[in-house]
Amino acid sequence: MHSHGRVLVFGLLALALCACGKKAAGTLLAAPNPSQAQSGYRAPPQVFAVRAQPGGEIEIDGVAAPDARVGGETPDRKRYGATAAKSGRFTLEMPASAAPQLIAVSEETGRRDLQADGWLFVPPDAPERAVVLRAGASTRPLQAGLVGTIDFDANGAAAISGVTAPGVEADVSIDGGTPVRAIADARGVWEAHLGVDKHIAPASHQVRVVSRSQSFDRSFDFSVGASGPLFNPVREPDGWRVAWKTPDGAVQTTFVFVGAQRS
């Protein structure tokens, strides 16, 4: 890959989180993703699933341009590659890791590099629950239950996303308030944005999601955590709380539900 592809990796937090700082309250609503600007006439590569192998290695499945060279890169400059098939499908193999991984996926065709829409966060104890962290938008779960992720920041903006059947509606409410309705896309992923009219204070709040015969109802702590120089993932009883530091010093947090910690 060319050098500008590497720059994307090291600048990913500044790009992905600048929309959630002190000057942009509520910006989890929607903001252009930098990869969309790059894409022009061509769609960026997409990741559909992550799965673990018996030895602990992970495989990343997705689609890119036919015959494109696909790469996965971590912030410490470790890079792994694969070649997409004529159909565009690819499987990117990466080694086992005992720590959470943050991976930038991109493709190269000719002299042009194109970054995927967002960056993969891979929990070491549940790689199949990997999610796509996206700039200025809610985190996108790949394979999850009704509720997969919750994003929130100190400005009181929040976004909740999950997976159900394509086209199915999900009603999302906080503390018994008026539900926000979301509709699952063609892959079954839905997202709802909260805290628009009344910001969500850092505290424990009751989150309720109802979709057909499924429901999710639990108390959740919206307190923003402390971040490290890059990002700070912390394992909690039912998932990973990932705190991110923005360029102006503010912090955004993404919670990824993966279930009880595995032995």
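Things worth noting here:
Residue-by-condition table, conditions (1) at pLDDT 90 or above; (2) more than 18 Å from LEU120 (Cβ to Cβ); (3) of a type outside the set (Asp, Glu):
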residue: LYS22; (1), (2), (3): no, yes, yes
residue: VAL70; (1), (2), (3): yes, no, yes
residue: ARG79; (1), (2), (3): yes, no, yes
residue: GLU107; (1), (2), (3): yes, no, no
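- Test: ALA82 is of a type in the set (A, V, I, L, M) and in a loop (DSSP other than H, G, I, E, B): no
- Strands (runs of 3 or more DSSP E) wholly inside the range 184-244 containing at least 3 residues that are surrounded by 17 or more Cβ atoms within 10 Å (Cβ to Cβ): 189-194, 204-211, 231-236
- Test result for THR109, of a type in the set (Val, Ile, Thr), closer than 30 Å to ALA260 by Cα and touching a residue at least 24 places away in the same chain (Cβ under 8 Å): no
The values are calculated or read from the model by the stated rules, or taken from the named source; none is laboratory data. Given the structure is predicted, the values throughout are model-derived calculations rather than measurements. Here Cβ is always computed from backbone atoms with ideal geometry, including for glycine, and neighbour counts include all displayed protein chains.
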